[in-house]
1. What's the angle, to the nearest 10 degrees (0 to 90), between helix 61-74's Cα axis and the longest principal axis of the chain?
2. Angle between the Cα long axis of helix 102-122 and the longest principal axis of the chain, 0 to 90 degrees, nearest 10?
3. Can you tell me the relative contact order of the chain? Whole percent, Cα pairs under 8 Å, sequence separation 6 or more.
4. With each run of n ≥ 4 DSSP H residues scored as -39500 (n - 2.57), what mean residue ellipticity at 222 nm is computed for the chain after dividing by its residue count and rounding to the nearest 500 deg cm²/dmol?
5. Where both partners of a DSSP beta bridge lie in region 6-122, what percent of those bridges are antiparallel, to the nearest 5?
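Each reported figure results from applying straightforward, stated rules to the coordinates on display, with no laboratory input. Nothing here was measured: the structure is a model prediction, and the numbers come from that model.
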């Protein structure tokens, strides 16, 4: 059995939504000191929906694939839907990650949440997603 699924390899080799957004409405940056991965997500939000999303990730193939998949999963969704995206959902969408790489999907979830929190803070909006 291969260590990485075809989806992981595809998102690693052909990542979607790479880059930054000038004047982003929300930016979330998180890192894992143990492995050295750093993930930054940029959001453009119109009418409480993600109209554009980009990412910059410094890390392993699993971190890049998780970033790419997560951005695909949130594009076009409203903020309450976005806040329900979990690391488990990212992992499942990638057809799995090795156990020692699950922290990469956690970074994707945390970066999305940090970007939405940043958006709420910038817009004096209460962060009340559960």
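1. 40 degrees
2. 10 degrees
3. Working: 248 pairs, mean separation 39.3, N = 130.
The normalised contact order for the chain reaches 30 percent.
4. Numbers: 5 runs with 54 residues, N = 130.
Dividing the helical sum by the residues of the chain leaves -12500 deg cm²/dmol.
5. Numbers: 16 of 17 bridges.
Taking every DSSP beta bridge within region 6-122, about 95 percent pair in antiparallel fashion.
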